[in-house]
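S.K.: Mind having a look at this structure? Questions to follow.
The values are calculated or read from the model by the stated rules, or taken from the named source; none is laboratory data. Remember, it's a predicted structure, so these values are computed and weren't measured experimentally. All Cβ positions, even for glycine, are placed from backbone atoms using ideal geometry, and neighbour counts span all protein chains on display.
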Amino acid sequence: MRVFKIGSNYYFTGELGKELLYLRSLSLAHKIPLVGLATSHEWLNYGPIYYWIMLPIFHLFRGDPFILFWTALVVSILGLILGYFVMVKIAGTRLAVFYALILSFSPLIIWLTRESKLHVFFLILTPLFMYLLFLVWNGGKKWIFWAGLTFGIMFSFHYSQIPLIGVVILLFYLKKRIYKYIHWLVFAAGLVLGNVTLLINDATHGFVMSRDLIFWIPYRILGFTGLYPKNNLSKVSVVGTLQSFNEFIGKNIFWDQRLWTLGTIIFVVIFIHFVVTKRKSIGKDFLTFYIISSISFVFLANFIHTEPPIHYFLPVFMIVPILFAIYLEKSRFWFFVITPLILVNMISFSHDPEFYGKIRPIDPKLDMIPYSEQLSLVSFIVHDADGKNLSIKRIGPYDYFPEQYSQNYKYLILYEGGNLIENSPNVYTVKEDVVKGTISIQK
């Protein structure tokens, strides 16, 4: 399911094109970056570790656009294996088997893998971080620094783990007989080391990024509460926020979005039952502590944020499945639960129009142009330009982003040998009409 028809239906968007263009520029300049690309907030950059990993791969495979997917696939499988062994250490082999089974068929994890973004590395970092905190929970003081370092490394792949600081603080509070303030500083030292190049770069620019990040968090909170009237977040979109939660939770269980609400209901019932029955052991059992605290902090932060993109839930992508695994393990009828679920998802997956070379006329925000069509279009442009300089524009979903979200076409033109020159008068405009399901070129 992770590789099904990937050759023609690789989810190659402007965002992935932007990543490859950045890697190409680094490669041509023979540079190793101090920071990564900017996030959706232009003032905030990722750390550089993802690009340190990808640069040798970019060279080895000569910039093949599929390197992002094959890297994501390897990371996804490694994350599944690591998650299994971590769960063996924390809760035993039986629960680990159910956990690995759920991860294998989770629509959410399959979707994240096929998207091929840098966020996929959370599938490795999340179980690693959880295991290090498990060791710290059991008195392993020597692991505090490594937990902080792992937490810091996460900033090279996303910032959604910030709410987990609450989990760390709560852990130190519950274990205050073991850990003193010096241990907090050791964790902080690891966090800083994981972002030292990011901080060096920020220092050379007057710590603008750090300042904006520090003020951004209370800005969101004040906007949510309405205490900052000029902030447009004072009008909270409850419906949009609930839809975001419904997508994340429902996609853990079902591929078909029509079943996401059912998945959310199942989760809410299970989570409430888990909290009620395990409330007295939250300070005694690590797995109980981590499931409840991580889900609670991440959910609260995303509710305050309002209408969060699904990848803002990344810190608990690998945690919610643990909850389901616990209840499956206890059930004598687990086979009659998991088998129909897998079959339903495989049927939904196999009937998804996305995998049949068609544009999906459902919601323009979710649509994509199949990679095979992108490649055919670019081949035509390069052939038509016949070696002359050219530039490209795009009209379609997300064209309000920089460069009209056309970086996927730009990279493919360069990869196919076209002479792409910004502001060249020889302009090709790609028009993606996802409602009608058509794509055209205007010269």
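S.K.: Considering each residue of segment 155-173, count those that are among the hydroxyl-bearing types (S, T, Y) and surrounded by fewer than 21 Cβ atoms within 10 Å (Cβ to Cβ), and give that number.
M.R.: 2
S.K.: Within the group H41, H59, which residue is surrounded by fewer than 21 Cβ atoms within 10 Å (Cβ to Cβ), assigned by TED's automatic domain parsing to the domain that holds W255 and part of a helix (DSSP H, G or I)?
M.R.: H59
S.K.: When segment 368-411 is examined, which residues are found to be in a helix (DSSP H, G or I) and among the small types (G, A, S)?
M.R.: Matches in segment 368-411: S372, S376, S379, A385.
S.K.: Any idea how many residues of segment 268-303 are over 23 Å from F172 (Cβ atoms), more than 17 Å from the chain's Cα centre (by Cα) and buried (at least 18 other Cβ atoms within 10 Å of the Cβ)?
M.R.: Summing the residues that are over 23 Å from F172 (Cβ atoms), more than 17 Å from the chain's Cα centre (by Cα) and buried (at least 18 other Cβ atoms within 10 Å of the Cβ) in segment 268-303 gives 1.
S.K.: Next question. For segment 312-348, how many residues meet the condition of being in contact (Cβ under 8 Å) with a residue 24 or more places away in the chain, of a type outside the set (A, V, I, L, M) and in a helix (DSSP H, G or I)?
M.R.: 10
S.K.: Identify the residue in segment 341-384 that is closer than 30 Å to L103 by Cβ and charged (D, E, K, R) and, among all such residues, is modelled with the highest pLDDT.
M.R.: Looking at the filtered set, the residue picked out is D352.
S.K.: In this structure, does F85 turn out to be touching a helix residue (DSSP H, G or I) at 6+ places or on another chain (Cβ under 9 Å), buried (at least 16 other Cβ atoms within 10 Å of the Cβ) and under 30 Å from L101 (Cα atoms)?
M.R.: No: the conditions fail for F85.
S.K.: So, in segment 423-439, of the ones that are in a strand (DSSP E or B) and within 27 Å of G387 (Cα to Cα), which residue ends up modelled with the lowest pLDDT?
M.R.: Filtering segment 423-439 for residues in a strand (DSSP E or B) gives 427-433, 438-439.
Going one step further and asking which of them are within 27 Å of G387 (Cα to Cα), we end up with 427-432, 439.
Numbers: V427: 93, Y428: 94, T429: 94, V430: 92, K431: 90, E432: 86, I439: 80.
Per the stated criteria, the residue is I439.
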